[in-house]
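Enquirer: Can you read through this structure? Questions will come right after.
The values are calculated or read from the model by the stated rules, or taken from the named source; none is laboratory data. Everything quoted here is computed from the prediction, not taken from an experiment. Cβ placement follows ideal geometry from the backbone for every residue including glycine, while neighbour counts extend to all protein chains displayed.
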Amino acid sequence: MCTLTSRHSLSPGVLAAALLVAFAFLFAWPQPAAAHDALVESSPAADSTVETLPDALTLTFSAALIDGDGSTEIAVTDAAGQPVTDGAATVDGAMVTQTLVPQADAGAYHVLWKVVSSDGHPTSGEFQFTVATSTLPSPEASATPTAEETAAPAPEVTQSAVPAEDPNMESEASFSPGWLIAGGVVLLVVVFVLVLLLRRRKPAESETDSPAER
């Protein structure tokens, strides 16, 4: 007895459906996303405490960054929200350097950064660090007078330095000893003349009285 087996080929519709399911499964499977360049190191480090504010802040990333106008921005502010950056940030491969001001107060500092990764996508982040000692000048130091301020000022000539003319000085000068002597001499001459006149007048009166008596 012979057994006959028949082979049935797959229809085109079934084959097309199988291919559609395979493509849908392939594209629906999650693909690993391309990772942006990440910050791997900073100086000062995040959440660290430094003695004084350093001259510059440095950020090191996982790959070389794309540099260009406006592509890199670094903001560093103190506890009062005042910026302490000095100039623009510079990019050297995977390292970013931001110069800071030479004098700053103690306290918490906030860093906000934005760069463009090597894949062309911008990325950003933020962290904080603490400064233990202030480098601002103390009020006592600013109040100390300088050598120029402590130098003795040049004497100023005022009106009080020149003696004012006293109106009584002329009257006092008119009664000087020379004028007194001259006045005395004139007075003696006048008295002497008066005495002579009186002596001459008395004999004249006596001569006029004598005939009447006779």
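Enquirer: Among (1) modelled with pLDDT of 95 or more; (2) surrounded by 12 or more Cβ atoms within 10 Å (Cβ to Cβ), where does residue 132 come up short?
Expert: Only one criterion is unmet by residue 132, namely (2).
Enquirer: So the check is Cβ under 7 Å with 6+ separation or different chains; which pairs have a first residue in segment 51-80 that's free of Cβ contacts under 8 Å to residues at least 60 places away in the same chain and a second one that's exposed (fewer than 14 other Cβ atoms within 10 Å of the Cβ) and part of a loop (DSSP other than H, G, I, E, B)?
Expert: Cβ pairs passing all conditions: 61/38; 62/38; 64/93; 66/120.
Enquirer: Looking at (1) aliphatic (A, V, I, L, M); (2) modelled with pLDDT of 70 or more; (3) exposed (fewer than 13 other Cβ atoms within 10 Å of the Cβ), which is the only condition residue 147 fails?
Expert: For residue 147, the exception is condition (2).
Enquirer: Right, another one. Here are the criteria: (1) at pLDDT 70 or above; (2) under 30 Å from residue 79 (Cα atoms); (3) in a helix (DSSP H, G or I). Tell me which single one residue 141 does not satisfy.
Expert: The number of the failed condition is (1).
Enquirer: Return the residues of segment 39-50 that are under 17 Å from residue 123 (Cβ atoms) and either free of Cβ contacts under 8 Å to residues at least 60 places away in the same chain or under 28 Å from the mean Cα position of the chain (by Cα) (or both); say none if nothing qualifies.
Expert: Listed by number, the residues that qualify are 40, 41.
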